[in-house]
Amino acid sequence: MTVYREDDVMFCSNPMFERSLFVGAHLDDIELAAGGTAARLVEAGARVRFLVMSPSDYTSYDGSHFRDADVAVTEGREAAATLGVKEIDVLSFPAKDVENHSTVVESINKVVDDFRPTMVFTHWPFDTHRSHANTALATIAASRYYNSVVMYEPITPSGRSYVGFRPQLYINIDDTIEKKLQALRQHKSEYTKYGEQWIEGVEARSRYRGYEMRARYGEAFEVSRLEGVLA
């Protein structure tokens, strides 16, 4: 993808990605699955917007508290900035209980209709994290009048489903893998929890997908529907 300038506005040369909306249940989900792609689109001149469904504070069933909302939101905004993303909306649904119901669908619908994306990225509906799965279903419903919706590859432990993920769309992230990994490190509370092995696992997945597409690093997505654009 190349960039051209018209009336001092930047455009992506590939109209499929010109306005790309990334939807995540939590702050760090988008970076994990598609941070390299988001950064590459920004560099290519696309308009990129993040929509996160929850402030991502987390307390376990046993009372263990891992992250406050204000910390998670600050880290999420810093991570987005690392990727070059300036537009990020954080909604207020509970981190563990994002549901697939009308309130959630319409909250996404509002952003979709405002942004008018040419491409929507969201979770995979067979993800074992119910908030991820429900976000996927709600996004697909909210994007019903839009023709291109693709789904993130989940990473352990979220990906241990009874259905196999089918990689169908590959994006080369050779030039943006470092931004992806640095963005993840901006989530300091998560990094403290999981350590450098977390980063290494994400890098290994990207390396494997890159190998499949004859690149060094890649990200893979499953297609819900995709409009081909002939420029």
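The values are calculated or read from the model by the stated rules, or taken from the named source; none is laboratory data. Source: prediction; values computed, not measured. Cβ sites come from the backbone with ideal geometry, for glycine too, and all protein chains shown count toward neighbours. Areas reflect the complete protein model, heavy atoms only, side chains present, ligands, DNA and RNA absent. Shrake-Rupley method; radii C 1.70, N 1.55, O 1.52, S 1.80 Å.
Points worth noting:
- Restricting the range 45-59 to residues that are touching a residue at least 60 places away in the same chain (Cβ under 8 Å) and either hydroxyl-bearing (Ser, Thr, Tyr) or touching a Ser or Thr at 6+ places or on another chain (Cβ under 6 Å) (or both), the residue that is surrounded by the most Cβ atoms within 10 Å (Cβ to Cβ) is Met53.
- Top-ranked residue in the range 182-231 [being farther than 25 Å from Asp68 by Cα and among the hydroxyl-bearing types (Ser, Thr, Tyr); ranked as most open to solvent (accessible area, probe 1.4 Å)]: Tyr211
- When the range 162-181 is filtered for residues that are open to solvent by less than 80 Å² (accessible area, probe 1.4 Å) and touching a helix residue (DSSP H, G or I) at 6+ places or on another chain (Cβ under 9 Å), the ones remaining, listed by number, are Pro167, Tyr170, Ile171, Asn172, Ile173, Asp174, Thr176, Ile177, Lys179, Lys180, Leu181.
- Looking only at the range 76-113, and only at residues there that are of a type in the set (Val, Ile, Thr) and in a helix (DSSP H, G or I), the one that is farthest from Ala138 (Cα to Cα): Thr82
- Scope the range 157-181; condition modelled with pLDDT of 90 or more and within 15 Å of the chain's Cα centre (by Cα); matching residues: Leu169, Tyr170, Ile171, Ile173, Thr176, Ile177, Lys179, Lys180, Leu181
- Taking the conditions (1) without any contact (Cβ under 8 Å) to a residue 24 or more places away in the chain; (2) surrounded by 15 or more Cβ atoms within 10 Å (Cβ to Cβ) in turn, Val149 satisfies each one other than (1).
- Residues satisfying the stated conditions in the range 91-100, i.e. surrounded by fewer than 19 Cβ atoms within 10 Å (Cβ to Cβ) and touching a Phe, Trp or Tyr at 6+ places or on another chain (Cβ under 9 Å): Lys96, Glu99
- Taken over the range 60-87, the criterion of being touching a strand residue (DSSP E or B) at 6+ places or on another chain (Cβ under 7 Å) and open to solvent by 30 Å² or more (accessible area, probe 1.4 Å) is satisfied by His65, Phe66, Val73, Arg77, Glu87.
- The requirement of being surrounded by 19 or more Cβ atoms within 10 Å (Cβ to Cβ), of a type in the set (Asp, Glu), closer than 20 Å to Met151 by Cα and out of contact with any His (no Cβ under 7 Å at 6 or more places or on another chain) is fulfilled somewhere in the range 30-44, by at least one residue.
- For the residues Ala25, Ala33, Ala44, Ala39, the requirement of being in contact with a Cys (Cβ under 7 Å, 6 or more places away or on another chain) and at pLDDT 95 or above singles out Ala44.
- Residue that is least open to solvent (accessible area, probe 1.4 Å), among those in the range 101-145 that are without any contact (Cβ under 8 Å) to a residue 12 or more places away in the chain and under 20 Å from Arg49 (Cβ atoms): Asp113
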